[in-house]
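Each remark here refers to the structure printed beneath this line.
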Amino acid sequence: MDWQTSEDTVPSAFITEANRRSMLGTPPTTGAWREGDDPGHRQFVGVGTIALESGATLPHARLAYETWGTLNDARDNAVLIVHALTGDSHVVGRPGPGHPTAGWWGGIVGPGLAIDTDRWFAIAPNTLGGCQGSTGPASFSPDGVEWGSRFPYLTIRDQVAAQVGLADALGIDRFAAIIGGSMGGMHALEWAIEHPHRVERLGLLATCAVTSADQIALNSVQLEAIRMDPLFRDGDYYDEPEGPFRGLALARRMALLNYRSPTELNERFERSWQGVLDPLGKGGRFAVESYLDFHGNKFTRRFDAGSYLSLVEAMNAHDVTRGRGTLAETLGRVTARSLVLGIDSDRLFPVEQQRAIAAHLPRSIHGDAPVVISSPFGHDAFLIENDLVGPPLAALLAE
């Protein structure tokens, strides 16, 4: 069923009338996992009070996570997988209770796959500020009320601090590898810079060292779409019958245009109509419009507007050089054997950003240039092109 899969992990497809009907009706106030919901395959660990870069603190923080494979006696076969903006801990597995969608990297993680769980113990946390079990705006604060507008501003470094707490709680002193794409790549790079002794290998997919003005600009209009929704109520909407689903759906539609390439959208949809009504003033719609609407509406059923704001703002703040010196000096602190991978059609994280990272990493397994895969799927190719992404990851883990 299409509603059971992530639009990030499959090529764009036409929306059928059955698809459209499945999204009728008002979405829930929030798509966040809430206390009392079925935990599914999630496990939870408290990581204590997080001292934030802003000077504030976040007390009683918790991360939800999932694991695959077995941690060996030496505790040296752990691979940390860090998700992108709208991902979560459910990397592998079928949809079911607690998990409305299938795992987002099931073609990469598993027995005999690039991240072979017969050898490696894979761990995937839902990032701090997220909405699928980890502490975020939809979570209850110590006073028993959702954090909402009171949730503190987070940076990528703050989120990594929470992941360090998870590793400590699990007794993992050093990861065999930390691998992430997009926002997850930001986390992985911060790990390798701030805690080089704890990272043996590093996998950076379709990510950057410093968020660009162009990326901030694209993000800013998504944030404003949510804030302008009258049902957002400045972030305190959790006890209301309806949440800011229109603003969140619009933000998601904007984001999808950045995640996919013009080539894919043009070739797949052309100027075709949705249904039989003429879109030229006759009440009909173009197929690509229905595609964006459907996935925007679907997204509101599995995500939270407050979390979207928190995570996007953390991405906007990303700058590995902040307080550390030049990019060359900062990346020179990395001791891990590294893979940097880019996508030739990625218009959100263009290959130039991966080149800037690879040029300064001391132990890149492909020298001073990234691996560049060719795909029509744009930024989402790292989630779709298993046959192209898997071999470089397997080579990194074989080093």
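The values are calculated or read from the model by the stated rules, or taken from the named source; none is laboratory data. Not measured: the values here are computed from a predicted model. For neighbour counting, all protein chains shown are included, and Cβ atoms are generated from backbone atoms with ideal geometry for every residue, glycine included. The accessibility values were calculated without ligands, DNA or RNA, using every heavy atom of the protein model including side chains. Shrake-Rupley method; radii C 1.70, N 1.55, O 1.52, S 1.80 Å.
Do the sum for the chain: with -39,500 (n - 2.57) for every DSSP H run of n ≥ 4, divided by all residues, what is the mean residue ellipticity at 222 nm, to the nearest 500 deg cm²/dmol? Show your work: numbers first, answer last.
Numbers: 12 runs with 126 residues, N = 399.
Taking each H run of at least 4 residues, the total per residue is -9500 deg cm²/dmol.
Please give the net charge around Thr29, taking every other residue with its beta carbon less than 14 angstrom from that of Thr29, where Lys and Arg add +1 and Asp and Glu add -1. Numbers along the way, then the final one.
Details: positive: Arg34, Arg233, Arg246, Arg301, Arg302; negative: Asp37, Glu146, Asp229, Asp236, Asp239, Glu240, Glu242, Asp304.
Taking every Cβ under 14 Å from that of Thr29, the sum is -3.
Where both residues lie in the chain, what percent of DSSP beta bridges are antiparallel, nearest 5? Spell out each step's value before the answer.
Working: 16 of 39 bridges.
Antiparallel bridges make up about 40 percent of those DSSP assigns within the chain.
Taking the Cβ of Val320 as the center, what net charge do the other residues with Cβ under 10 Å away carry, scoring Lys and Arg +1 and Asp and Glu -1? Don't skip to the answer; put the middle values down first.
Working: positive: Arg157, Arg322, Arg324, Arg333; negative: Glu190, Glu194, Asp319.
Around Val320, the surrounding residues sum to +1.
Starting from the Cα-Cα distance between Glu399 and Ala213, subtract it from 0.36 nm times their residue separation and give me the gain in nm to one decimal. Mind dumping the intermediate values first?
Values: separation 186, 0.36 × 186 = 66.96 nm, distance 3.58 nm.
Gain in length upon complete extension: 63.4 nm.
Taking the highest mean first, how do the peptides 382-393, 120-131 order by number of other beta carbon atoms within 10 angstrom per residue?
Details: 382-393: 19.3, 120-131: 27.2.
For the peptides 382-393, 120-131, the packing ranking is 120-131, 382-393.
Going highest first, how would you order 172-184, 45-57 by mean Cβ packing within 10 Å?
Values: 172-184: 23.6, 45-57: 14.4.
Result, highest mean first: 172-184, 45-57.
Among 298-311, 64-77, 333-346, what's the highest-first ranking by average C-beta atoms within 10 angstrom per residue?
Numbers: 298-311: 25.3, 64-77: 16.5, 333-346: 23.0.
Per-residue Cβ counts within 10 Å, averaged per peptide and sorted highest first, yield 298-311, 333-346, 64-77.
How much of the accessible area of the chain, probe 1.4 Å, is carbon plus sulfur, in whole percent?
On the way: 8230 of 15440 Å².
Exposed carbon and sulfur together represent 53 percent of the surface.
Using a probe radius of 1.4 Å on heavy atoms only, what accessible surface per residue do you get for segment 353-395? Whole Å² is fine.
So segment 353-395 comes to 40 Å² accessible per residue, rounded to a whole number.
Count charges around Thr49 for me, please; just the other residues with Cβ under 15 Å from its Cβ, Lys/Arg as +1, Asp/Glu as -1. Before the final figure, lay out the partial values.
Details: positive: Arg62; negative: Glu53, Asp158, Asp168.
Taking every Cβ under 15 Å from that of Thr49, the sum is -2.
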